[in-house]
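Enquirer: Take this structure, written in structure tokens, and hold onto it; I'll ask about it next.
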Amino acid sequence: MTENEGRGFMLRAATDGPWAGWAGSRFLEEGLASVHAAPGRALARLMNLAALLPGGFGLIWDHPPAWMEALPAESRQGWWEAISAIPGLTLHLGPDAAAQLPGGAFRAWLHAPEMPEGPLGEAWRQGVVGWVLRTGIAWHLPDLGTPAPGDEVPPGWLWGEVTLPIGALSTLASGEALAAAMSEAQGAAERGLAQRMSANAWVDLPFLRRAAGWRLALVGGIEFQRAGGAWPAAFGQLRALKALLQERLRTPIHLGACGDPRLAALLGRQALREGLPWRASLPLPPAPGAFTPGLAADPRDPAPLEARALQPAAWPDTLDHPPAILLRVPAVPPEAGAQAMLAQIQPAPALRWLPPDLPPPPPFDPERPWFPPAAFPFPADPGNGVQRGLFDGFE
């Protein structure tokens, strides 16, 4: 993996192939790697594929819902737990396939048109699965991109990912610096991939160069709002930049939000170190000079749920896939509390809950630690919610 720092952006790419990718699950039935005939080979195939992609691989389960009914429940549970534990792999399911899942320790994103209810809703509120609002036939993969629509999802690839603060959009609007850095990284990855394929060191999955794109990810949304930034103008600049890069590079550009706090901190330190114009939106010392990941409040800080999940109203018209939001709470939220929160943030981003029995995700930054679960506000629920007392925690 290569990581290049430019003026106002961070570029990550692989040295000898694509950075990330996705595919439908039907390719697991090709050849001798069938889940039914040889589940171990299918698992090894997924592990080899995920190991080649530093940015991760999205497995979209587009098999018919009844495809695994012939397997015993124990075998199905072991299969889901095994593939969801592969480093770098994310599992994406529709409501029909998710209804077939047995209980277990699997992790996945559920793509459904409505908030999960019943057993799936319980798994969602307990943090087992995340929920992505799906309004059409297309899949929108958080932190990856948007595959081509169709009954069977074809393989898709990303050459790399570019992360930039929203306040730097006006400076990067010409696209010259971005296009040059992305073109150089893409050329190096293409040459390395050609050598890898000639040595038969690539996975047995089609690679279409024209379908491989880039991901453009945003950080510093809360700093942009505090500085009085206008979202319509910023999104207009972002759409113009996307069109310019697509014309220069001849590749698709997938717009999204970056939830990596490490990259957001690096961009904040760069702005302060080099005296860049957008540094004025950062907090003053002794607060750490780092941008917040994504477009809302930092998930590590005990801000209200609405502040941590609220997104600009115009994001569905500009971003290609929803921002991924992780909400830490002091207890498993009730269904009424989740509904009350979602009523204030329509359309909903990709949501995953983090109750206290689940550990927060890495990286762990000593300058920005996760607050304890008891410090986070509970979802408002007039019926069943348990509100903390005024003097709780002062004994």
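The values are calculated or read from the model by the stated rules, or taken from the named source; none is laboratory data. Quick caveat, the model's predicted, so the values are computed rather than measured. Backbone-built Cβ (ideal geometry, glycine too); neighbour counts: all protein chains shown.
Enquirer: Evaluate the following for residue 336: is it assigned to a helix (DSSP H, G or I) and touching an Asp or Glu at 6+ places or on another chain (Cβ under 9 Å)?
Expert: Yes: the conditions hold for residue 336.
Enquirer: Restricting to the stretch 94-116, and then to whatever is modelled with pLDDT under 90 and not small (Gly, Ala, Ser), can you tell me which residue is surrounded by the fewest Cβ atoms within 10 Å (Cβ to Cβ)?
Expert: In this case the residue turns out to be 96.
Enquirer: Which of the residues belonging to the stretch 190-248 are among the basic types (Lys, Arg) and either in contact with a strand residue (DSSP E or B) (Cβ under 6 Å, 6 or more places away or on another chain) or assigned to a loop (DSSP other than H, G, I, E, B) (or both)?
Expert: Those that are among the basic types (Lys, Arg) and either in contact with a strand residue (DSSP E or B) (Cβ under 6 Å, 6 or more places away or on another chain) or assigned to a loop (DSSP other than H, G, I, E, B) (or both): 215, 242.
Enquirer: State which residue is farthest from residue 62 (Cα to Cα) when the search covers only the stretch 118-137 and only residues that are modelled with pLDDT of 90 or more and part of a loop (DSSP other than H, G, I, E, B).
Expert: This residue is 126.
Enquirer: Enumerate the pairs (first residue in the stretch 1-28 and touching a residue at least 60 places away in the same chain (Cβ under 8 Å) and within 22 Å of residue 80 (Cβ to Cβ); second residue anywhere and part of a strand (DSSP E or B) and among the hydroxyl-bearing types (Ser, Thr, Tyr)) with beta-carbon separation below 9 Å, excluding pairs fewer than 6 apart on the same chain, so at least 6 apart or on different chains.
Expert: From the stretch 1-28, the pairs are 22/90.
Enquirer: Of everything in the stretch 305-333 that's in a strand (DSSP E or B) and out of contact with any Phe, Trp or Tyr (no Cβ under 7 Å at 6 or more places or on another chain), which residue is surrounded by the most Cβ atoms within 10 Å (Cβ to Cβ)?
Expert: Within the stretch 305-333, the match that is surrounded by the most Cβ atoms within 10 Å (Cβ to Cβ) is 325.
Enquirer: Tell me the residue from 145, 160, 130 that is surrounded by 24 or more Cβ atoms within 10 Å (Cβ to Cβ), under 30 Å from residue 204 (Cβ atoms) and touching a helix residue (DSSP H, G or I) at 6+ places or on another chain (Cβ under 8 Å), please.
Expert: None of the other options fit; the residue is 160.
Enquirer: Filter the stretch 45-72 down to the residues that are at pLDDT 75 or above and assigned to a helix (DSSP H, G or I), then identify the one that is surrounded by the fewest Cβ atoms within 10 Å (Cβ to Cβ).
Expert: So, considering only residues that are at pLDDT 75 or above and assigned to a helix (DSSP H, G or I), the one surrounded by the fewest Cβ atoms within 10 Å (Cβ to Cβ) is 48.
Enquirer: Going through 183, 170 one at a time, which residue ends up being farther than 30 Å from residue 336 by Cβ, among the polar types (S, T, N, Q), touching a residue at least 24 places away in the same chain (Cβ under 8 Å) and not in a loop (DSSP other than H, G, I, E, B)?
Expert: 183
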